[in-house]
1. So how compact is region 99-196: Cα radius of gyration and Dmax in angstrom?
2. Give the relative contact order (percent, whole number) for the chain; include only Cα pairs under 8 Å separated by 6+ residues.
3. With springs connecting C-alpha atoms under 10 Å apart, model the chain as a Gaussian network and identify which of 322, 152, 108 has the largest mean-square fluctuation.
4. Determine the principal axes of the Cα atoms in the chain, then give the extent along each, sorted from largest to smallest and rounded to whole angstroms.
5. Using a 10 Å cut-off around each Cβ, can you sort 181, 212 from fewest to most neighbouring Cβ atoms?
6. Treating only the Cβ atoms of Lys and Arg (+1) and Asp and Glu (-1) as charged, compute the dipole magnitude of the chain about its Cα centre; round to the nearest 20 debye.
7. 222 nm [θ] for the chain, helices only, -39500 (n - 2.57) per DSSP H run of 4+, per residue, to 500?
8. Compare 48, 310, 155 in a GNM of the chain, Cα atoms joined below 10 Å, and give the one with the largest fluctuation.
Amino acid sequence: MKYYFVAGEASGDLQASYLIKELAIADNNADFRCFGGDLMQEQGATVVKHYKELAFMGVEAVIKNIRTIFKNISFCKDDIKQYNPDVLILVDYPGFNMKIAKWAKTNNIKVYYYISPKIWAWNQKRGFKIKNIIDKMFVILPFEKDFYKKFNYTVDFVGHPLLDSIADRPQISFETFCSTHQLNNKPIIALLPGSRKQEISSTLSLMLTVVHKFPDYQFIIAGAPAQNLSFYKQFINRNITLIENKTYDLLQHSTAALVVSGTATLETALFKVPQVVCYKTGWLFYNLAKLVIKVKYISLVNLIMDKEIVKELIQNKLSTTNLVNELTKIISIEPRKKMLKDYETLNQKLGGIGASKRAATLIFGYLKP
């Protein structure tokens, strides 16, 4: 069968590559064409547009490149029509993919969606639109299945592909990690200040104010691939180490972490690292967001567990005093043990490893005549 994928970000390229690998096993006659990246290409897909040509972050970048964005959408539609796939598989990236889905539906192209848009967080009425234009939805968060029931829409929960990504990564020893990055042998506290300049600027300086309170630990900043080392220099001094693009290696060897909300909170939990979740933004944006956000928590860990198992320090609560207090707790024996036990339950809720294989099996099963 012929599969057309659209993945517009690095994370989508990774998850789509796992899915393509499993579909190729399930379907001996599979042919793949895509908007995607190097990892999808490595699994045998023909990449007609690289995601790096699609990635415009922030309102200003979108406005500046609006003509390019519309050209990419038009090119994608023409290429899909010419390829004439048995199914169009959209991976996350909702701003672009929902436009493609609507068009595909009107052109009688079967549309499957892998990794749902986060409509449960805000503007939930989009569930009706998704029901009307997406033939099959494959979700990766356990509460999403119940969420879509509100729209009388049955979706498939396949588990979270992060478990596959983490299980497949090579293991390195603490000694090798420290030697490679010229670290000492003190226990590590990881700082994950996010990937966007705005969130790094809002949180990293505050995170660093606690360093002198924990002399028996070394603090390591996880540098985001999208940011240059020069950007971080305004925040750090010679006593702080920054390691670029090695977040999983860092988490593997960390004792605790301070983490900006987002997927990183879930990654940290899956590496069994006790954490404090941090979030701070502009006053106006925060108060506007409060009017539309429909969830109780900002971290995926707490959302999945439906209770606060990791402390969330938001806006004014994100202070040096609170960071010190919460970090002291999670390096203490009993609070640490409790969080790690909750992480075990979280892992079970996520369905275990094999999300990509489960998704591929379902997709191929639905498509078979």
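Every number here is computed from the coordinates shown, using simple stated rules; none is lab data. Note that this is a predicted model, so its numbers are computed, not measured. Note that each Cβ is placed from the backbone with ideal geometry, even for glycine, and that neighbours are counted across all protein chains shown.
1. 20.3, 60
2. Numbers: 588 pairs, mean separation 58.2, N = 369.
About 16 percent, as a whole number.
3. Highest fluctuation among the options: 108.
4. 63, 45, 39
5. Working: 181 14, 212 8.
Ranking 181, 212 by Cβ neighbours within 10 Å, fewest first, gives 212, 181.
6. Working: 48 positive and 32 negative charges, 256 e Å.
That gives a dipole near 1220 debye.
7. Values: 18 runs with 176 residues, N = 369.
Result for the chain, helices only: -14000 deg cm²/dmol.
8. Of the options given, 48 has the highest mean-square fluctuation.
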